[in-house]
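Everything on this sheet refers to the single structure shown next.
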Amino acid sequence: MRFTPSRLAELDGAYRILKQPADRPPAQRDPRVAERVSAMLSEIERDGMDAVLRYARELDGWGGSDVEITAGALERSGDALPKDVCAGLELGAERTRTFALAQRAHLVDFETELAPGLVTGHRYVPVGRVGAYLPAGRFPLLASAFMTVGVAKAAGVPSVLACTPPGPDGEPHPAVLYSAYLSGVDRAYALGGVQALAAMAFGLLGEPGVDMLVGAGNAYVAEAKRQLFGTVAIDLLAGPSEVAVIADDTADAELVAADLLGQAEHGVNSPAALVTTSQKLGEQVIAEVERQLETLDTREVAGPAWRDYGSVTWAKDAATAVALMDDLAPEHLEVHTADDAYYHDALRNYGSLFLGPWSTVAYSDKGMAGTNHVLPTAGGAKHSAGLSVSRFLKPLTYQRVTREATPLLADAVDAISEYEGMAAHRRTATLRTDRHRSAQEDS
């Protein structure tokens, strides 16, 4: 997350950078990754499941006889987990489902008569088949199934598949499986990476290919989604996780620092930004981050992320803070101020907003807040929203025209089509005009 030079030029004198990121290029597409993914997809498309299984053995260390996880294994997956973890996952799955169902209830079909005899409308129809990728690396992100599988099922998607990579022991992560089970997954497979996405997209898992791929993953997963887009729909192309905070002099420096590090630990290239109207608070947060890093178990990840991608900026007033933050367009945005309502109304560019010191990003990350954590990064919030129940629904329009409304439409189409030189278009209108006139004469 970096400010654009044009925005900084507009605000010259209204801000001061207290800590800026190191002079490193932002995370971006690696040509070597793109080339490797392209070769893999071509081979899998040509050789089918044989290629998928070759890559599963080579890259996943898979050595089983069947990549599909049985319904019984899914149901029993929670048996291997501590009871408090099971309870937490069950709560997260339910909260996410409840919020998604509430969103779905507010997406309503409608019909309106634009003119006498001209009725138009739309109805929401779910996509037919969705494939979800559930990562299980160093941090398995257990709530991912809630946000992808669970929300798709809340939207009414009839068939949702999930793939998750096997661990070093050759078995998929039991907590990831239990999250998928709680989310209502229809079928699940122990497949990782590019081969998992290709198998779902190309219909290599014993049923037709999916219509849409969703879920986060590493650079290879993101590149596979990019290259498969068009063959299937995708949710979004997410980069490293981001967090930003707007704070004033009423904020608690310890909480702000903890929340910045809470997302920085996602990866060594995860940006964390503070925009504050209090220079004193900004300096306190910088010192507090360093203090907390001394005892943080994940400091080997969060430390480099903060050093290389962390920033703190002073803004002279609330309006400047909004302008700066809308320019960053962060994935997650927290607001710790005496007037959170102002920022809620004024801010426009963010993936998801967390208002007040009691609202931390981690509550959403783990599914407790109910909202989706699959969100745009790298400035994508300037033009796109995160994954939600609406992404799995197609608002299909329709129109119904009566004979009596024909002159209202046909005469205009006749004139426009003739002017454009589109004779066939014109004829579809004039034929109806002729039939309408004949019907009138007959009556």
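Since every read-out is calculated from the coordinates, none of them should be taken as a lab result. Everything numeric here is computed off the predicted structure, so don't read it as measured data. Backbone-built Cβ (ideal geometry, glycine too); neighbour counts: all protein chains shown.
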Point to revise | Under Karplus coefficients 6.51, -1.76 and 1.60, residue-wise ³J(HN,Hα) of region 135-152 in Hz, glycine/proline x | key: x, 8, x, 4, 10, x, 6, 4, 7, 4, 5, 4, 6, 10, 4, x, 5, 4
Study note, to complete from the structure: the chain, Gaussian network, Cα under 10 Å: of A410, A136, A190, the residue fluctuating most is A410
Check your understanding: With axes computed from alpha carbons, what is the tilt in degrees of helix 423-442 against the longest principal axis of the chain, rounded to the nearest 10 within 0 to 90?
Key -> 50
Practice item. Please arrange M147, M49, M200 by counting, for each residue, the other beta carbons lying within 10 Å of its beta carbon, fewest first. Key: M49, M200, M147
Practice item. Mind pulling the angle between the C-alpha long axis of helix 299-309 and the longest principal axis of the chain? Nearest 10 degrees, somewhere in 0 to 90. Key: 60
Review point. Under 19 Å Cα-Cα from K19, which lysines qualify once same-chain neighbours fewer than 8 residues away are excluded?
Key: K280, K316
**Study point:** Nonlocal amide H pairs with V312, under 5 Å, H built at 1.01 Å
**Key:** L18, K19, Q20, L274
Check your understanding: What full-extension length gain, to one decimal in nm, is calculated for Q20 and R32 as 0.36 nm per residue of separation minus the Cα-Cα distance?
Key -> 1.4 nm
**Study point:** Under the Karplus curve 6.51 cos²θ - 1.76 cosθ + 1.60, θ = phi - 60°, whole-Hz ³J(HN,Hα) for region 354-361, x wherever Gly or Pro sits
**Key:** 10, 9, x, x, 8, 9, 9, 4
Exercise for review: Report the calculated FRET efficiency for M49 and F110 (r = Cβ-Cβ distance, R0 = 35 Å), to the nearest 0.05.
Suggested key: 0.20
Point to revise | Loop chymotrypsin sites (Phe, Trp or Tyr not before Pro), region 346-394, which have at most 14 other Cβ atoms in a 10 Å radius of their Cβ (DSSP) | key: W358
Study note, to complete from the structure: Rounded to the nearest 10, the angle in degrees between the Cα long axis of helix 83-105 and the longest principal axis of the Cα atoms of the chain comes to 30
Check your understanding: Of the residues H173, H373, H122, which exhibits the maximal mean-square fluctuation in a Gaussian network model of the chain defined by a 10 Å Cα contact cut-off?
Key -> H122
Check your understanding: Can you give the net charge of the other residues whose Cβ lies under 11 Å from the Cβ of D339, counting K and R as +1 and D and E as -1?
Key -> -3
Exercise for review: Counting only DSSP beta bridges with both residues in the chain, tell me the antiparallel percent, nearest 5.
Suggested key: 40
Check your understanding: Just how large is the dipole of the chain about the Cα centre, in debye to the nearest 20, putting +1 at every Lys and Arg Cβ and -1 at every Asp and Glu Cβ?
Key -> 820
Review point. For region 402-442, what is the Kirkwood hydrodynamic radius in Å, using each pair of distinct C-alpha atoms?
Key: 10.2
Review point. Considering only the other residues whose Cβ falls under 15 Å of the Cβ of G78, what net charge follows from Lys and Arg at +1 and Asp and Glu at -1?
Key: -4
Review point. Long-range amide H contacts for A233: which residues qualify at under 5 Å (H placed 1.01 Å from N, peptide plane, sequence gap of 5 or more or a different chain)?
Key: M212, L213
Study note, to complete from the structure: Distance in Å, no decimals, from the C-alpha centre of region 199-225 to the one of region 234-306 is 33
Check your understanding: Tell me, how many Å apart are the Cα centres for region 3-19 and for region 321-383?
Key -> 21
Practice item. Kindly write out, for region 2-18 in residue order, the coupling ³J(HN,Hα) from the Karplus curve 6.51 cos²θ - 1.76 cosθ + 1.60 (θ = phi - 60°), rounded to whole Hz, with x marking Gly and Pro. Key: 9, 5, 7, x, 5, 5, 5, 5, 5, 9, 3, x, 9, 8, 8, 8, 8
**Study point:** For the chain, built as a Gaussian network whose Cα springs stay under 10 Å, the top-fluctuating residue of L182, L375, L118
**Key:** L118
Practice item. Determine the gain in length on full extension of the stretch T295-T397; use 0.36 nm per residue of separation and subtract their C-alpha separation, reporting nm with one decimal. Key: 31.1 nm
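Can you pull out the trypsin sites (Lys or Arg not before Pro) in region 320-400 that DSSP calls coil and that have at most 13 other Cβ atoms within 10 Å?
For trypsin sites (Lys or Arg not before Pro) across region 320-400 that sit outside H, G, I, E and B with at most 13 neighbouring Cβ atoms in 10 Å, the list reads R348.
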Point to revise | Gap separating the Cα centres of region 92-166 and region 57-80, nearest whole Å | key: 25
Exercise for review: Divide by every residue of the chain the summed helix terms, -39500 (n - 2.57) for each DSSP H run of at least 4, and state the resulting mean residue ellipticity at 222 nm, rounded to the nearest 500 deg cm²/dmol.
Suggested key: -13000 deg cm²/dmol
**Study point:** Amide H partners (placed H, <5 Å) of V125, local residues excluded
**Key:** K394, L396
